[in-house]
Amino acid sequence: MAHLSLGILISGRGSNMAALIEACTDPAYPARVAVVIANVADAPGLDKARAAGIDTVVVDHKAYDSRDAFEAALDSALKAARVDLVCLAGFMRLLNADFVKRWRDRIVNIHPSLLPAYKGLDTHARVLEDGVRVTGCTVHFVRPEMDHGPIVIQAAVPVLPDDTVGRLAARVLHQEHRVFVEAVRLIASGRVRVSGDKVLIEGSAPETAVLVNPQIA
Ligand code: GRF
C-alpha cells in the first residue's frame, strides 16, 4: 500500500502529533510520518518525536528576518522530506497566503472549537465565559484566513456544570486526537474531496446520534 507522507508542524507539547505518530505505527493505517518540524527549538513534542524514531527539524522563526524567509525554510524542509500532507498540530505561527496557496488542499489544522465558532486563542475560557453547552474540535483544510477553511471532521463535546478550562480542555483534547487521526485516514485513503468551501467524503457513515446538553429527562 502506498502511504501518504505526513509533515507535522508543532510549537509545543505535541500530543496531537503523538496521536498521529501512534496511528502510523499500524501497518493498516494509510499514512506515515516523514518529518516533525518545530518552530521552537525546545518544543517538548520534539523529544517525543525523536523517541519514536521520527526525523525532526527545527525551523526557528526567530532566526529569520521575515515571515517569507521563515516560510521558505519551512517549505524546503517539507519538500526535502517529500511530504504529501502538512498537519498543523498546535503550530502557533500564522502562515502567509503564499505558503498556504502552495500547499492548498494539502495542509490541515486542528482547532479546539466547533468552527466557525471560537476562532483564535483561549477557546475554552471563552466557551465557559459564554455559558455555551456544547463545544468541540475541528480538523479543517487551511486557508489564508486564520482558523478557516473546508471542514473535514468535527467532534462535539458537552460543557459540564463544574468544568474548568483545564477539565474542558482535557476532554476536548481527547477528541482532538481521535478526529485528527480519522481526518488523516480519510484523506490518505483518497475519500476526501474539497469542493468550493466544503469537503465531500466518500463512503463515511454520518453520525446520527443527537447530543442534547443537559439531557432531556
Ligand atoms: C491543541 O488544543 C490544538 O487544537 C491547538 O493547540 C493545541 C496543541 O496541543 N491548535 P498539542 O501540542 O497537540 O498537545
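Read the figures in this text as sums done on the coordinates, not as results from a lab. In this text the structure is predicted, and so the values were computed from the model without any measurement. All Cβ positions, even for glycine, are placed from backbone atoms using ideal geometry, and neighbour counts span all protein chains on display.
Tabulated results
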{"item": "Cβ crowding within 10 Å averaged over residues, with 9-17, 35-43 ranked highest first", "result": "9-17, 35-43"}
{"item": "Mean shadow area of the chain over all directions, Cα convex hull, nm²", "result": "13.0 nm²"}
{"item": "Among 51-60, 81-90, the order from most to least packed when residues are scored by Cβ within 10 Å on average", "result": "81-90, 51-60"}
{"item": "Within the stretch 138-217, GluC sites (Glu not before Pro) in DSSP loop having at most 16 other beta-carbon neighbours inside 10 Å", "result": "GLU145, GLU202, GLU207"}
{"item": "Spherically averaged projected area in nm², based on the convex hull that wraps the Cα atoms of the stretch 1-50", "result": "3.1 nm²"}
{"item": "For the stretch 64-72, 3J(HN,Hα) per residue [Karplus equation, 6.51 cos²θ - 1.76 cosθ + 1.60, θ = phi - 60°, Hz, x = Gly/Pro]", "result": "10, 6, 9, 5, 4, 5, 4, 6, 5"}
{"item": "The stretch 26-124: relative contact order in percent, alpha carbon pairs under 8 Å with at least 6 residues between", "result": "21 percent"}
{"item": "Estimated FRET transfer efficiency (GLU207, LEU128; beta-carbon r; R0 22 Å; 0.05)", "result": "0.30"}
{"item": "Spin-label model distance (nm) - ALA2 vs LYS62, 7 Å beyond Cα toward Cβ", "result": "4.2 nm"}
{"item": "ALA51-ILE216 FRET efficiency (beta carbon distance; Förster radius 41 Å; 0.05 resolution)", "result": "0.30"}
{"item": "Choice from THR138, THR123, THR25 with maximal GNM fluctuation in the chain (Cα, 10 Å cutoff)", "result": "THR25"}
{"item": "Estimated FRET transfer efficiency (ARG13, SER195; beta-carbon r; R0 41 Å; 0.05)", "result": "0.75"}
